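Single-structure report; data block below.
Derivation of every value follows stated rules applied to the coordinates shown; laboratory data play no part. If you're wondering where the values come from, they're calculated on a predicted model, not measured in any experiment.
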């Protein structure tokens, strides 16, 4: 009985600790206008965290992402347009900060690269399949032929 009570107390304590940790990373921001809150959410989801691998600054818990969220919050509340904020981020961090970088000479590899790699992979696959050719004829030994003939003759005699 005491063991069960101890396990329940430990589980309860751990769950309280986990709940406290879950709320530790939540940032609460007050906006003057509900439209600004929507713009903030949209912008933080459109911009990539520069520290994390393929994660938006909205989803990232990195210190730089927190700083960028604060920067965006201040610019939204100051009345800057989405385009001004994005241009500021690109000027500061480059096109990598955008989830959808513009199609230009510097980013053509980002847009065309995956398709070129897919085409190259398919070409290699086709070449390998063609080199293998069709099915190869089975090689049958003379002993196997004799055994097959014997089985056929026995089958014909039994009918």
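May I have the convex hull volume per residue, in Å³, for the Cα set of region 46-92? Kindly include the intermediate steps, with their values, before the conclusion.
Numbers: hull volume 3.2 nm³, N = 47.
In region 46-92, the Cα convex hull volume per residue is 67 Å³.
Let me know the Rg and Dmax you get for region 118-158 when you use only its Cα atoms, in Å.
My reading of the Cα-based Rg and Dmax gives 20.6, 60 Å.
Distance from the Cα centre of region 24-65 to that of region 120-148, in angstrom?
Each part's Cα centre sits 57 Å from the other's.
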